[in-house]
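So the structure is just underneath, and the comments pick up after that.
The numbers here are math on the coordinates, done by the rules we state, and not lab data. Treat the numbers as computed from the prediction; the structure is a model and nothing was measured. Cβ coordinates were reconstructed from backbone atoms using ideal geometry, including for glycine residues, and neighbour counts include every protein chain displayed.
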Amino acid sequence: MTAALIDGTAQAIAAAVRTGTVSAREIAQETLNRIEARNGALGAFTDVTAKRALAKAHAIDTARARGESLGPLAGAPFAVKNLFDVEGLPTRAGSKINRDRPPSKADATVIARLEAAGAVLTGALNMGEFAYDFTGRNVHDGPSRNPHDLEHMTGGSSGGSAAAVAGGLVPVALGSDTNGSIRVPSSFCGLFGLKPTYGRLSRVGTFPFVASLDHVGPLARSVGDLALSYDAMLGRDGGDPAQADMPAAAASPTLNDRVAGVRIARLGGYFARSADPSATSAVDTIARALKADRVVELAQAEQARSAAYLITMVEGAALHLARLRERAQDFDPEVRDRLIAGTMVPGVWAAQAQKFRRQFHATTLALFREVDILLAPATPCRAPRLEQTTFVLDGREMLVRPNIGLFTQPISFIGLPVVTAPVWTEGEKLPIGVQIIATPWREDLALRVAWALERDGVVRAPVATLS
Amino acid sequence: MTAKAFDPEAVVDAMAPLLGLTLTPESRAQTLVHLRIAAEQAEKLLSVPLDDQQEPAPVFTA
């Protein structure tokens with residue numbers, strides 16, 4: 001029964017722990033056994049915090065025995081991309097260089113919040129170096145592998161997060177998303193992923209990449225778990241200057257609200273042009289289920305992607321300049337040379353990109369006066385093979401690593417909240433995700449639409465059967 | 001500076017020593033690839049007219 005629970009949802013685990021059907025310790029021990037058995041194939045975990053997990057589980061069981069009320073995630077295991085501070089671990093952010101940092105003195109805010117809700121941290125997860133990655137490759141720790149086909153990439157940079165959840169190691173993992181790093185691995189590994197509104201969740205205790213674009217959020221195998229973990233992480237902590245002063249409205253209570261009446265349209269133009277048939281067909285499936293016939297244009301989406309690309313180059317390079325001077329040989333060469341190029345991008349391009357960002361924000365918000373939800377592919381294709389470095393999009397051969405985020409970048413550029421929902425096609429081993437995009441601060445609406453699609457069997461996120 | 005006039009080779013060779021960066025030939029070659037991509041992105045971005053009064057997105061609050 002414990003194994004079946006671990007293949008299920010965090011919500012079901014917490015319900016079983018609360019009623020005493022299973023102990024938090026049994027769940028934690030079975031999770032640690034799974035990690036031990038499967039991690040070699042998946043490359044998901046870089047650190048397993050076994051002692052801590054068992055101690056936390058014991059504390060939950062003791063609290064229950066005393067008759068104390070338990071949190072909504074009581075006993076539910078989770079893990080975090082290794083750019084989140086975990087007390088006692090150096091925050092490596094996928095790099096070799098950061099392993100020389102002293103161990104973190106405290107957990108990231110969002111970890112502390114999940115644990116306050118009863119969740120049990122089991123460890124830190126593999127990622128692309130310094131989060132500058134869409135593939136899940138890592139030259140230092142080896143790649144994370146797609147649980148649905150180990151020869152294919154997870155996507156990145158939250159690759160270990162996706163491998164851990166799709167591989168059945170934990171029901172929920174945290175990732176970060178600067179240009180698509182939650183949404184891309186969610187698409188490739190067949191998961192639900194939530195990139196909240198920019199400024200919604202605290203980034204305190206995370207290693208940055210591009211401060212003006214960085215977000216954190218959860219990946220899960222059910223929309224209910226996305227919402228529960230999101231709800232638990234809400235609220236200001238005063239330490240993240242980008243965090244907005246918004247009410248911490250929980251999304252879980254409104255998942256069941258009606259979707260009828262929500263105005264839904266799919267994005268055409270740029271979002272249709274470079275998509276291969278698998279991506280277009282996934283959007284067709286979801287649009288049909290939602291009876292969304294309307295197609296709208298997101299004006300200047302291509303330029304938005306270009307602007308996000310340039311801001312990323314410049315801010316990322318500024319963050320790493322000293323390390324590029326002193327320890328160039330210790331970087332992943334694929335990441336290093338992109339960062340070096342970023343040091344040489346004219347400042348006027350980045351300044352222009354930030355001016356354009358405000359203009360694009362205004363025109364996009366005007367579009368949201370006519371619609372509530374926009375649909376677009378999360379990735380232009382299904383997961384490429386691990387070693388693949390180029391693909392053909394819109395009739396042109398392109399580098400895989402910088403271009404997987406073609407459809408995610410224009411959306412995160414202005415911080416819109418997005419739920420990625422996984423679509424499966426009969427006969428295909430690999431899924432592909434669709435972005436369900438809402439206006440700022442309406443995560444609840446994107447989650448509600450995803451929840452209805454999951455309830456109706458249109459989208460799903462099964463645990464992979466490892467071959 | 002227009003994106004079209006941007007010469008990645010000249011930029012890399014001039015700027016690497018100014019920035020205190022030492023590039024191996026392999027690293028230089030890949031840096032050029034990424035600077036060319038940046039110039040393509042800039043060309044698209046700079047095609048958008050922006051008002052002088054257009055505020056940049058990040059606004060510092062004192």
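In this label model, B:R36 and A:A318 are separated by 2.9 nm, measuring between points 7 Å along each Cα→Cβ vector.
At what distance in nm do the modelled label points of A:E68 and B:A29 sit from each other, each positioned 7 Å from its Cα along Cα→Cβ? Going by the 7 Å Cα→Cβ label model, 6.1 nm.
Between A:E426 and A:L367, the C-beta separation translates, for a Förster distance of 30 Å, into a calculated FRET efficiency of about 0.30. Distance between the 7 Å Cα→Cβ label points at A:R236 and A:D257: 2.3 nm. Let's test the formula: R0 of 45 Å, r as the Cβ-Cβ distance of A:S104 and A:A4. What FRET efficiency results, to the nearest 0.05? The computed FRET efficiency comes out at 0.85.
Karplus-based coupling profile of segment A:131-147, in residue order and whole Hz: 6, 8, 6, 10, 9, x, 6, 8, 6, 8, 9, x, x, 7, 10, 5, x, with θ = phi - 60° in 6.51 cos²θ - 1.76 cosθ + 1.60 and x standing for Gly or Pro. Normalised Debye scattering of chain B at q = 0.13 Å⁻¹ gives log10 I(q)/I(0) of -0.52, counting only Cα atoms as equal scatterers and leaving out solvent.
Take the Cβ atoms of B:T61 and A:T389, set R0 to 41 Å, and the FRET efficiency comes out at 0.45.
Partner shielding of A:390-403 amounts to 1, given as the average count of beta-carbon atoms from other chains within 10 Å of each residue beta-carbon. May I ask for the distance between the Cα centers of segment A:213-245 and segment A:3-62, given as a whole number of Å? If we compute the Cα centre of each part, the gap is 22 Å. Peptide packing: for A:381-390, A:201-210, A:413-422, the average count of neighbouring Cβ atoms within 10 Å per residue gives the ranking A:413-422, A:201-210, A:381-390, highest mean first. Each peptide among A:425-432, A:214-221, A:151-158 gets the average number of other Cβ atoms lying within 10 Å of its residues, and from highest to lowest they stand as A:151-158, A:214-221, A:425-432. With 0.36 nm allotted per residue and the present C-alpha distance subtracted, the A:R325-A:A244 stretch has 25.6 nm of extension available. Mean per-residue shielding of peptide A:352-364 is 5, counting Cβ atoms of other chains within 10 Å of each Cβ. Computed about the Cα centre, the dipole magnitude for chain A is approximately 400 debye when only Lys and Arg (+1) and Asp and Glu (-1) carry charge, each at its Cβ. For A:V434, the residues whose modelled amide H falls within less than 5 Å of its own, excluding neighbours fewer than 5 places apart on the same chain, are A:A378, A:A421, A:V423.
Ordering A:I97, A:I436, B:I37 from the fewest to the most neighbouring beta carbons within 10 Å gives A:I97, B:I37, A:I436. Size of the protein assembly as shown: Rg and Dmax of its alpha carbons, in Å, are 21.9, 73. Our helix-only sum for the protein assembly as shown, with -39,500 (n - 2.57) per DSSP H run of n ≥ 4 divided by its residues, gives a mean residue ellipticity at 222 nm of -12500 deg cm²/dmol. Other protein chain C-beta atoms within 10 Å of residue C-beta, averaged over A:296-307: 3.
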